[in-house]
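Structure first, then comments.
Read-outs: derived from the displayed coordinates by stated rules, not from any lab. Quantities reported herein were computed from a predicted structural model and do not represent experimental measurements. We place every Cβ from the backbone using ideal geometry, glycine too, and count neighbours over all the protein chains shown.
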Amino acid sequence: MSLQLLASSDMHSPEYLNDFIRSLTSVTGRPCLFLLAGDIVDRGNVAMAEPVMKAIEERFGSKIVATFGNDEFQDRWDELRRRYPQVDWLADELKVYDCGGLRVAVVGTPGALDRPTRWQEAHIKGIEEIYMKRVEVVRELLTRAKSEADRVVLLSHYALAKANLKGEDPRFYSNLYSSRMERLIAELRPTVAVHGHAHKGSRFTIVGGVPVYNVAFPLNRSPVWVKEVRAGLEAFFS
């Protein structure tokens, strides 16, 4: 039995909303879970998540599991949860799902950066410490998830692998991903890892035997089927 997961991110609704909705018509099959790796809306525009969720629900009828991106401003998290209770919003949290008898754990996190952006340094007190603590929380959640489920998915907004940044400006790699998160993947080996944020990056890499997907919509132009390592290798390197 294999994973049946679709994933996307960075629609920045309304910016890519129409393109995203159109892309759903070309996707065949029904996923158990539809993963959203953040930046669903643009600049905290909570209302614009509604057409995204509606389109996914009408097309697939699948459970939606999301984490927050940097454009889902933290002071809007409670409002997003309140307005879209049908979505499981995971912010440094773990939830286990039954996918046709397969227990799938999703560890959802906004993610971390090696170096905070200048805006974050100026506006978020203790941001470096926040990111360091987040990595340790994710470590604990992944360890727990491996004991509770058959498959483990790490879902992050910020990028999780340096190789998936290829195509972005190398000067800003440290503002796009966390090398500490990448080391966690190699050490703890979840089944798959999924992220967004790198609009101009690369779609896929393998870290310590773990497939790592960049599902940013501006890059892929369609939701991505998330596969386990063998299927991932066949899909991307055959």
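For this structure, a couple of remarks:
- Subset of Lys146/Lys227; Lys54/Lys146; Lys125/Lys146; Lys133/Lys166 violating a 23 Å alpha-carbon distance limit: Lys54/Lys146; Lys125/Lys146; Lys133/Lys166
- Derived scalar couplings ³J(HN,Hα) [region 4-18; Karplus, 6.51 cos²θ - 1.76 cosθ + 1.60; whole Hz; x for Gly, Pro]: 10, 10, 10, 8, 7, 6, 6, 6, 6, 3, x, 4, 10, 4, 5
- Average Cα contact separation per residue, the chain, under 8 Å, 6 or more apart, as relative contact order %: 22 percent
- Electrostatic tally near Trp89: other residues with Cβ closer than 15 Å to its Cβ, Lys and Arg +1, Asp and Glu -1, net -4.
- At full extension, Ser2 and Arg183 could sit 62.6 nm farther apart than now, given 0.36 nm per residue minus the alpha carbon distance.
- Here the dipole of region 110-238 is about 180 debye; that uses its Cα centre as origin and unit charges on the Cβ of Lys and Arg (positive) and Asp and Glu (negative).
- Dipole axis of region 47-91 (+1 Lys, Arg; -1 Asp, Glu on Cβ), positive-most option in Gln74, Leu90, Ala55: Ala55
- Burial order of peptide ranges 53-63, 12-22, 155-165, 173-183 (average beta-carbon count within 10 Å, highest first): 155-165, 173-183, 12-22, 53-63
- Summed side-chain charge close to Pro110 - residues other than Pro110 whose Cβ falls under 12 Å, Lys, Arg +1, Asp, Glu -1: -4
- If you take the alpha carbon atoms of the chain and fit the smallest convex hull around them, that volume is 114 Å³ per residue.
- Gain in span if fully extended, Lys54 to Arg203, counting 0.36 nm per residue against the direct Cα distance: 51.1 nm
- In this simple spin-label approximation, Phe73 and Asn45 carry label points 7 Å from Cα along the Cα→Cβ vector, and these lie 1.4 nm apart.
- Global form of region 11-143, assessed from the alpha-carbon gyration tensor, a/c cut-off 1.5: oblate
- Positive dipole terminus of region 121-238, leading residue within Ser179, His197, Pro218 (C-beta point charges): Pro218
- Computed on region 80-173, with alpha-carbon pairs under 8 angstrom and 6+ residues apart, the relative contact order is 32 percent.
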